[in-house]
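Chemist: There's a structure below that I have some questions on.
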Amino acid sequence: MHPIVIVGSGLAGYTLLKEIRKRDTATPVTLVTADDGAFYSKPNLSNALAAGKTAAALAGAGADKMAADQNATVLTHTRVTAIDTAGQRIRTDHGELAYGKLVLALGADPIPHGLAGDGAGAVLAVNDLADYAAFRGAIDGRRRVTVLGGGLIGCEFANDLAHAGFAVDVVHLGGWPLERLLPVEAGQRLADSLAALGVNWHFGRIAKSVERAAEGYGVRLDNGETIATDVVLSAIGLRPRTQLAQAGGIAVRRGIQTNRLLETSAPNVYAMGDCAEVDGLNLPYVQPLMVQARSLAATLTGTSTPVAYPAMPVMVKTPAHPVAVLPPKLGASGGWKVECGDTGICALHVDDNGRLQGFALTGSETGRRNTLVKELAA
Ligand SMILES: Cc1cc2nc3c(=O)[nH]c(=O)nc-3n(C[C@H](O)[C@H](O)[C@H](O)COP(=O)(O)OP(=O)(O)OC[C@H]3O[C@@H](n4cnc5c(N)ncnc54)[C@H](O)[C@@H]3O)c2cc1C
């Protein structure tokens with residue numbers, strides 16, 4: 001019997017493995033991963049300074065322990081290089097493997113920054129534990145960090161670094177942080193709170209080049225301004241890893257396309273987590289992949305179970321001013337109704353019939369999220 005083969009040892013791959021084992025202890029499962037296979041929770045990377053944790057301390061069980069605990073085979077440092085969907089085999093840099101079912105849990109890649117200059121090669125991005133170890137090495141003994149991008153990950157790193165005493169500049173093309181998720185009042189309140197912590201914002205700007213300087217680097221912006229810095233961290237976004245699937249003839253769009261059963265266009269091939277576009281939606285967060293893992297484990301063990309998402313607010317880990325946001329569906333009618341209090345902002349997205357479609361809460365108002373989630377579910 002050919003095994004279920006899971007590619008990827010991120011939260012998606014390992015959560016699926018655990019969910020399969022809750023239902024079925026016997027079916028052979030092989031997990032193949034390009035990295036060392038240590039279990040870790042990626043969201044912890046952007047608040048590890050405040051938590052007092054090094055990259056090594058963030059690593060949980062190693063691959064051997066995960067394999068033993070879950071009665072699975074875990075092949076580490078093994079990169080899948082091709083998928084033969086007709087022959088139901090994958091090729092890796094360590095040989096070939098046949099599969100009964102194949103699950104792609106490949107994650108996402110940082111978007112290339114495209115910067116010019118002789119310092120561009122030193123720009124870092126943090127998307128896994130190894131990246132984080134390199135980042136911690138780079139900031140060790142340094143004082144100034146420039147973050148490119150004021151989205152969720154950029155804001156979280158800015159908060160963590162500023163709280164730890166670094167001088168932080170954030171370069172952001174939008175007029176306020178998280179502008180695709182938050183109305184201006186909420187974004188501005190977050191920006192003000194981070195500024196009070198020492199974050200220096202550069203809104204409406206993009207970085208063009210990074211040049212080496214006598215000490216550190218100079219980040220040159222599109223308005224000609226130069227930021228003197230020691231380390232540059234790119235947080236301009238991630239894009240689903242689709243190349244492997246595409247080369248194997250599997251349909252991709254933004255992500256690897258699946259239906260609600262997480263089936264791709266190829267028989268017996270599934271996709272989940274950051275790499276997947278499930279019924280038209282790529283949701284690169286933890287809660288969706290947990291829902292996907294439970295559904296797919298049921299499907300793979302004999303009970304066909306489509307993914308059904310509950311209302312899933314995203315929490316932004318900015319302790320200087322926390323944010324909870326559940327954006328309205330694309331193209332939702334109506335608009336934001338914003339109430340600004342001294343300690344937080346409550347923005348409700350209400351449709352033309354007065355029904356709640358989404359929310360953005362900041363500061364003390366984040367405590368209302370569970371009540372609002374119930375209202376949305378109703
Ligand atoms: C700094 C940071 C903070 C975040 N904070 C939050 C948060 O607070 N809340 C939240 O909900 N979400 C957060 N997210 C997003 C969340 O962490 C991700 O949605 C989730 O971890 C994605 O898991 P994944 O398993 O899909 O991908 P990944 O963790 O990227 O795993 C992909 C795996 O695939 C393997 N792989 C890729 N290609 C191959 C190949 N060809 N062959 C073999 N193996 C391969 C990789 O080695 C890796 O093991 C954050 C993300 C970041 C970067």
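Chemist: Treating the beta-carbon of each Lys and Arg as +1 and of each Asp and Glu as -1, no other charges, what is the dipole magnitude of the range 112-234 about its Cα centre, to the nearest 20 debye?
Modeler: Taking the Cα centre of the range 112-234 as origin, the dipole is about 100 debye.
Chemist: To continue, here is another question. Which order do the peptides 25-38, 109-122 take when ranked by the mean count of other beta-carbon atoms within 10 Å per residue, highest first?
Modeler: The densest-packed peptide leads the list: 25-38, 109-122.
Chemist: Another question, if that's okay. Put +1 on the Cβ of every Lys and Arg and -1 on every Asp and Glu Cβ in the chain; which of ALA138, VAL314, ALA191 then has its Cα farthest towards the positive end of the dipole?
Modeler: VAL314
Chemist: Let me ask you something else. Output ³J(HN,Hα) for the range 354-365: one whole-Hz value per residue in order, computed from phi by the Karplus curve 6.51 cos²θ - 1.76 cosθ + 1.60 with θ = phi - 60°, and x for Gly and Pro.
Modeler: Those phi angles translate into x, 8, 5, 10, x, 8, 9, 10, 10, x, 5, 6 Hz.
Chemist: Hey, another quick one. For the chain, take the longest principal axis of its alpha carbons; what is the angle in degrees between that and the long axis of helix 129-139, to the nearest 10 within 0 to 90?
Modeler: Result, in degrees: 20.
Chemist: Counting other C-beta atoms within 10 Å, and keeping those with at most 13, which DSSP coil GluC sites (Glu not before Pro) do you find in the range 161-259?
Modeler: Within the range 161-259, the qualifying GluC sites (Glu not before Pro) (loop, at most 13 other Cβ atoms within 10 Å) are GLU215, GLU225.
Chemist: While we're on this one: Can you tell me the alpha carbon radius of gyration of the range 322-377 divided by the globular rule-of-thumb value 2.2 N^0.38 Å? Numbers along the way, then the final one.
Modeler: On the way: Rg = 10.8 Å, N = 56, 2.2 N^0.38 = 10.2 Å.
Cα Rg divided by the expected 2.2 N^0.38 Å: 1.06.
Chemist: Let's see if you can work this out: charge +1 on each Lys and Arg Cβ, -1 on each Asp and Glu Cβ, no other charges. What is the dipole magnitude of the chain about its Cα centre, in debye to the nearest 20? Could the numbers behind the result be given before it?
Modeler: Values: 34 positive and 35 negative charges, 134 e Å.
About 640 debye.
Chemist: Now, a different point. On alpha carbon coordinates alone, what is the Rg over Rh value for the range 112-234, Rh being the Kirkwood radius? Intermediate results must be reported in sequence, preceding the final value.
Modeler: Values: Rg = 13.6 Å, Rh = 14.4 Å.
Expressed as Rg/Rh, it is 0.94.
Chemist: Please go through the range 335-378 and write out the trypsin sites (Lys or Arg not before Pro) that DSSP classes as loop and that have at most 15 other C-beta atoms within 10 Å.
Modeler: Numbers: sites: LYS337, ARG355, ARG368, ARG369, LYS374; in loops: ARG355.
When the trypsin sites (Lys or Arg not before Pro) of the range 335-378 are filtered for loop state and at most 15 Cβ neighbours within 10 Å, ARG355 remain.
Chemist: Distances longer than 12 Å among the Cα atoms of the range 15-57: what percent of all pairs is that?
Modeler: Pairs farther apart than 12 Å: 71 percent.
Chemist: Taking the Cα atoms only, what angle lies between the long axis of helix 286-300 and the longest principal axis of the chain, rounded to 10 degrees?
Modeler: For 286-300 against the chain, the angle is about 10 degrees.
Chemist: Name the residue from GLY37, GLY60, ALA86 whose Cα lies farthest towards the positive end of the charge dipole of the range 1-100, charges +1 on Cβ of Lys and Arg and -1 on Cβ of Asp and Glu.
Modeler: GLY60
Chemist: Oh, and also: Using the 2.2 N^0.38 Å rule of thumb for compact globular proteins, work out how the chain stacks up: its C-alpha Rg over that value, please.
Modeler: 1.04
Chemist: Right, another one. Test of the criteria: in the range 320-378, which GluC sites (Glu not before Pro) are in a DSSP loop and have at most 13 other Cβ atoms within 10 angstrom of their Cβ?
Modeler: The qualifying sites: there are none.
Chemist: Follow-up. Roughly how compact is the range 70-167, stated as its Cα Rg over 2.2 N^0.38 Å to two decimals?
Modeler: Ratio of Rg to 2.2 N^0.38 Å for the range 70-167: 1.52.
Chemist: For the residue pair SER265 and ASN353, what label-to-label distance in nm results when each label sits 7 Å from Cα along the Cα-to-beta-carbon direction?
Modeler: Those two pseudo-labels are separated by 3.6 nm.
Chemist: Still on this structure, please answer the following. Can you return the aspartates and glutamates within cross-link range of LYS18? Criterion is Cα-Cα under 14 Å, with same-chain partners fewer than 8 residues away left out.
Modeler: Cross-link targets: ASP69.
Chemist: Note down the relative contact order for the range 238-378 as a percent, whole number, built from C-alpha pairs under 8 angstrom at least six residues apart.
Modeler: 14
Chemist: A follow-up question, please. Mind putting a number on the dipole of the range 279-378 about its Cα centre? Charges go on the C-beta only, +1 for Lys and Arg and -1 for Asp and Glu, and I need it in Debye to the nearest 20.
Modeler: Dipole magnitude for the range 279-378 comes out near 240 debye.
Chemist: Helix 11-23 against the longest principal axis of the chain: what's the angle in degrees, Cα atoms only, rounded to the nearest 10?
Modeler: Here the helix axis deviates by roughly 40 degrees.
Values quoted throughout were computed directly from the atomic coordinates according to the rules given, and no laboratory measurement underlies them. Owing to the predicted nature of the structure, the values given are computational and were not obtained by experimental measurement. FYI the Cβ positions are ideal-geometry reconstructions off the backbone, even for glycines, and counts take in every protein chain you see.
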